[in-house]
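To keep things clear, I will list the structure first and then write my remarks on it.
Laboratory data are not the source of any read-out in this text; all were calculated from the coordinates shown. The structure presented is a predicted model; accordingly, all values stated were derived computationally and were not measured. As a convention, Cβ positions derive from the backbone with ideal geometry for all residues, glycine included, and neighbour counts pool all protein chains shown.
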Amino acid sequence: MRVLVAFLMILTVAACQKEATRSVSIETSPNGHAFAFMPIDEEGVTDVTITIAWPHAWPYDGTRNPAVPYVGTQLIHSGGTEALQSKEIGELFQDKNAVAHLYARADHVIGELSFPQNHQDIIIPIVAELLAQPQFEPKWIDRIKRNTYQNQAQASVQTANKMWMVGRAMILGDSPLYEFTSMPDLDRLLLTSRGHLTAWHQETLVQEGAVIAVAGAITAQRAGEAVDALLAGLPVDGPEIAPRPKGNYAPRKILLHVPQAKKTTLGFLGSVPSTDQNLGAVELLITDLFGMADGPLFTAIRTDMRASYGFQVGATNIDRANRVMFINGEVEPKDLNEAVERVLRAYDIYRRNPDLTGLEALKVATADRVAKNVQYVDVAARIMLEAMLDGVDPALAVSLPQSFHDVTEDEFESTLRTYFPQDLIIVAASADATALTGACVITKPQEVANCP
Amino acid sequence: MTKRWVFITICVGVLGLGLSVFYLTLDTEQPDFIVIEDDRFASVHLIPDDQTDLLRATVLFPYGEAHNPFAEGLAHYVEHLAWLNMTQNDPSAGVSHSNAWTSHRAMAYWLQADRNTLPAQLENLLKLTEPITLDRKFALEERLILQREYDYRYAERVLAPVYEKLHRVLYEDQGLGRSVIGTKEEIGQFSLEQARMFHQGTHQLSTAHLIIYGDISARKLRRILSRLSMPSSPKVSAYPSGVSVPDASLTHRETQHFPRLKRATYFYAQLLAEPLCDSELSCRAALRFVENLLTSALPEGLAGPLQYDAFIAQDIRITLDYIPDNPTIVFQFSAATDRGVGSHELEQSFLQSLSKILERGVSQNSFDRIKARALGKLDLVQDRPSFTQEAVIDALANGRVPVGYTQWRQAVEALELADIEKVFQTLNQEGRRVTMIATPQDN
């Protein structure tokens with residue numbers, strides 16, 4: 001009997017090694033910070049990812065310079081500490097195979113730190129100091145803001161980027177959020193001062209309101225210690241976060257005349273539910289089925305009309321209150337009107353009565369791809385974080401692949417009909433000002449306000 | 001009776017223990033990839049991965065734009081036509097039109113499958129070797145699609161002409177110096193007859209490399225392969241698959257002005273003789289090592305003098321590639337100027353810093369650090385089958401011997417300081433060099 005039990009135990013251990021299961025819990029650090037936690041005790045996993053989202057009010061405040069968060073996040077990331085220069089920190093991180101990112105989105109500043117678990121006691125104190133006491137050296141401030149200005153100026157000459165700027169202007173109007181997401185006046189980058197940066201840092205990187213997720217080869221105890229260390233040096237109180245305004249999605253048609261454009265770009269925009277409605281799986285299947293090769297959009301624009309290499313379809317957040325679906329691609333100016341007609345017709349038919357022939361295969365392929373991706377420690381941490389920001393159970397990081405399998409045809413069709421907009425905003429950019437019949441033609445994004 | 005039951009239990013226990021040990025051992029000793037002998041094809045590689053439910057089948061022909069004797073970009077047109085030709089007869093096969101790519105040295109296509117559909121999908125991929133019989137009008141219209149792809153990928157990439165000119169001069173306007181996409185004007189004039197000819201000479205079963213990735217055993221794959229219905233493709237002489245690399249000395253320096261450019265960018269490329277490596281694999285491992293070293297802010301790196309000690313450059317990119325045909329190293333460096341810095345200052349700083357670094361050589365400390373980083377990074381790779389799949393396809397697409405994760409890690413582990421010093425000595429040669437500087441209009 002004892003041998004039999006031992007044999008069964010051995011088999012069980014062998015089976016466990018092959019098929020580890022993950023779970024997510026909400027833990028509390030010694031200093032009282034709650035965080036989503038996914039321990040990963042699997043062969044080959046030795047790293048840890050800690051990700052933190054700080055809500056920030058800066059992008060919604062019209063009295064503030066919208067460029068500051070962009071410069072500030074780069075400076076903290078690039079700066080040194082009291083003891084170590086930037087160069088030395090960079091090389092130390094390389095030695096330890098650690099990676100840190102800090103970037104600004106509309107609603108949040110997101111920090112992500114990944115490191116092998118045996119280097120925790122070296123990496124965490126450095127990052128904690130970078131977060132709490134950024135050097136904001138004048139020569140680095142000057143460098144970062146001027147280089148960011150050059151990079152943004154370079155990106156802004158792209159016709160597609162100009163078109164999307166118009167799209168955001170149509171939705172957000174002349175608002176602080178438009179200023180933050182589009183940076184229409186790049187000179188504001190150059191006006192970023194040390195005072196701005198200090199003020200932004202003090203009110204944004206704080207303890208209160210920080211949303212935290214930790215995944216990887218780490219115990220809850222050590223995860224809690226790391227979280228506490230990262231937050232300990234930060235001010236406690238955070239900014240007041242006002243409700244986010246909803247944009248204007250009234251259907252309109254605008255063409256941005258760009259005389260020097262080398263291509264004509266066409267875009268469609270519409271409002272879809274924000275991610276806190278937890279429609280992520282079905283929304284992705286809806287956009288993918290519409291946009292995939294031999295799907296309705298591809299057939300309309302490429303196979304039948306022969307007008308485009310391919311149109312992209314997807315959904316993204318301007319901020320968490322404004323999630324948009326988009327359709328976009330390049331066509332010749334002479335094809336613009338017909339392309340608009342065909343896209344709208346294909347979308348309308350799809351929305352009302354989609355052909356679900358490829359749906360099952362798409363569900364399987366998507367679930368498989370997602371299942372592979374969520375195995376990565378950093379991906380798992382990100383999914384947990386985004387779930388928490390939506391008020392959704394962070395265990396989504398475990399259940400996400402299955403959620404694609406669970407989408408039924410009824411759910412697919414009803415989501416499409418109920419939540420995907422009937423009418424879309426149409427925006428284009430072209431060197432040909434006459435290419436889009438009936439469009440309000442503008443030469444600058446701010447002229448959107450003059451259009452009906 | 002009792003003794004008999006004890007005996008049976010012990011036997012079951014031992015057998016179970018043995019099976020468990022065997023099972024565990026089996027699991028940890030899975031090779032990165034398995035080569036399946038099949039003389040109908042150039043090669044068949046299986047990359048097993050039991051962590052995915054779906055399989056991916058790739059067919060790769062070791063011919064690309066470098067082998068194209070016709071208008072530039074025609075190889076890419078052939079890729080489009082071959083795919084359309086295959087899917088016109090079986091629309092259910094075409095999952096995505098982006099399941100194919102063309103490079104200088106290869107054209108590759110892939111399909112997803114499960115174990116039940118793998119035979120059919122393999123047969124679909126092999127149909128890419130069948131003559132192109134597309135409707136003529138439709139086939140010629142595909143040139144419009146390519147022109148739109150040009151718009152999507154290149155039309156407003158300000159520096160695209162600089163890259164193109166750099167490689168054209170470096171490779172004497174042939175082979176690796178040709179443009180894979182072509183120009184919009186040339187695309188519009190592609191000949192369908194020439195495309196058919198190039199397709200026939202390059203898309204043959206005997207030159208095809210099959211790469212199967214996913215949860216399938218070698219035994220099962222062999223069985224599937226043995227039962228495949230093979231397409232009837234005419235046998236024509238295949239193109240030679242190698243590429244020639246010029247070895248004549250050259251020093252070319254050119255400045256181009258771009259009104260839409262906001263900062264000056266400097267490009268440097270050099271062809272050098274191979275540094276007498278023990279093997280192609282050890283050479284590549286050493287080159288990757290030196291890439292990481294030169295990119296770092298260690299004393300042997302360029303980041304220190306150019307990005308930290310003085311603000312001279314941003315967006316530094318360094319690559320060291322290996323061309324196996326007449327073993328050649330391609331060293332490339334590019335960077336944009338930092339604020340207030342001119343392209344001349346960037347160039348001088350780069351050349352002087354590089355010269356000093358090569359003269360000083362590599363310290364043991366820096367060698368140890370870079371090696372530890374490389375091995376540490378490899379230890380963090382969670383998805384080793386995917387790593388291997390990418391590595392195998394990349395090798396076959398570039399005329400190299402495929403290696404998987406384990407072999408690559410072993411090659412990195414085996415590196416010694418002397419290997420790196422050999423690369424440094426190589427970089428100190430004159431070689432064939434091209435410098436391109438892109439500046440804003442008034443700089």
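The stretch between A:GLN202 and A:ASN118, if pulled fully straight at 0.36 nm per residue, gains 27.1 nm over its current Cα-Cα span.
Counting beta carbons within 10 Å around each of A:CYS451, B:CYS277 and listing the fewest first gives the order A:CYS451, B:CYS277. Extending 7 Å from the Cα toward the beta-carbon at both B:ARG222 and A:ASP174 defines two label points whose distance is 7.6 nm. All C-alpha to C-alpha distances of the range B:82-213, sorted into 10 Å bins beginning at zero, yield P(r) values of 10, 36, 35, 17, 2 percent in whole numbers. For B:GLU416, project a label point 7 Å along Cα to C-beta. Then give me every residue of the range B:342-380 with its amide nitrogen under 19 Å of that point. From the range B:342-380, the list is B:361-372. Summing +1 for each Lys or Arg and -1 for each Asp or Glu among the other residues whose beta-carbon sits under 10 angstrom from that of B:GLY304 gives -2.
Pairwise alpha-carbon distances in the range A:307-408 exceed 20 Å for 59% of all pairs. Gyration tensor analysis over the Cα atoms of the range B:157-280 returns equivalent ellipsoid semi-axes of 39, 22, 18 Å (largest first, whole Å). Note on A:360-370: average number of Cβ atoms from other chains within 10 Å of each residue's Cβ is 3.
What FRET efficiency would be calculated for the residue pair B:ASP325, A:THR28, taking the C-beta separation as r and a Förster radius of 56 Å, to the nearest 0.05? That pair, B:ASP325 with A:THR28, gives E of 0.35.
Comparing Cα centroids, the range B:220-248 and the range B:127-141 end up 20 angstrom apart.
Mean per-residue shielding of peptide A:140-148 is 3, counting Cβ atoms of other chains within 10 Å of each Cβ.
Of all beta bridges that DSSP places with both ends in the protein assembly as shown, some 75 percent have antiparallel geometry. Ranking of B:LYS356, A:LYS263, B:LYS184 by neighbouring Cβ atoms within 10 Å, starting from the fewest: B:LYS356, B:LYS184, A:LYS263. Computed over the Cα atoms of the protein assembly as shown, the ratio of the radius of gyration to the Kirkwood radius (Rg/Rh) comes to 0.96. Measuring nothing but how far apart in sequence close Cα pairs (under 8 Å, 6+ apart) lie, relative to its length, the range B:146-272 scores a relative contact order of 35 percent. For the range A:321-329, putting each phi into the Karplus relation 6.51 cos²θ - 1.76 cosθ + 1.60 with θ = phi - 60° gives couplings of 7, 10, 9, 10, 8, 9, 9, 7, x Hz, in residue order, rounded to whole numbers and with x for Gly and Pro.
Counted by neighbouring Cβ atoms within 10 Å, the residues A:TYR149, A:TYR350 run from fewest to most as A:TYR350, A:TYR149. The share of alpha-carbon pairs in the range A:92-164 lying farther apart than 21 Å comes to 50%. Size of the range B:268-420 from its Cα atoms: along the principal axes, largest to smallest, the extents are 46, 32, 29 Å.
Shown for chain B is the translational diffusion coefficient from the Stokes-Einstein equation, using the Kirkwood radius over Cα pairs, a temperature of 20 °C and a viscosity of 1.002 mPa s: 87 µm²/s. For the range A:176-230, a Kirkwood radius taken over Cα pairs fed into Stokes-Einstein (10 °C, viscosity 1.306 mPa s) yields D = 109 µm²/s. Other residues with beta-carbon under 10 Å from the beta-carbon of B:ILE437 carry, at +1 per Lys or Arg and -1 per Asp or Glu, a net charge of -1.
Note on A:ASP187 and B:SER249: the model spin-label points, each 7 Å out from Cα along the C-beta direction, lie 5.3 nm apart.
For B:ASP50 and B:ARG260, the difference between the fully extended length at 0.36 nm per residue and the C-alpha to C-alpha distance is 70.6 nm.
Listed cross-link partners A:LYS246/B:LYS262; A:LYS145/A:LYS262; A:LYS372/B:LYS165; B:LYS262/B:LYS371; A:LYS96/B:LYS422 are compared with a 32 Å cut-off, the Cα-Cα value being larger for A:LYS246/B:LYS262; A:LYS372/B:LYS165; B:LYS262/B:LYS371. Computed 3J(HN,Hα) for the range A:218-225, one whole-Hz value per residue from the Karplus formula 6.51 cos²θ - 1.76 cosθ + 1.60 where θ = phi - 60°, is 7, 8, 4, 4, 5, 4, x, 5, glycine and proline marked x. Computed over the range B:142-222, the Cα gyration tensor eigenvalues convert (square root of 5λ each) into semi-axes of 32, 18, 16 Å, ordered from largest to smallest. Overall size of chain A from C-alpha positions, given as principal axis extents largest first: 78, 66, 36 Å. Here is the tail figure for the range A:298-357: Cα pairs spaced more than 17 Å apart come to 46 percent of all pairs. Computed FRET efficiency, Cβ-Cβ of A:LYS444 and A:ASN353, R0 51 Å: what is it to the nearest 0.05? Once rounded, the FRET efficiency stands at 0.80. When restricted to Cα atoms, the range A:30-111 yields an Rg and a Dmax of 16.3, 52 Å, respectively.
Once both labels are positioned 7 Å from their Cα atoms along Cα-to-Cβ, the gap between B:GLN88 and B:LEU276 label points is 5.7 nm. Note: relative contact order over chain A, using C-alpha pairs below 8 Å and six or more positions apart, is 22 percent. Label zone (B:ARG115, point 7 Å along Cα-to-C-beta; backbone nitrogen cut-off 17 Å) within the range B:34-54: B:47-54. Applying the Kirkwood pairwise sum to the alpha-carbon positions of the range A:176-326 produces a hydrodynamic radius of 20.4 angstrom.
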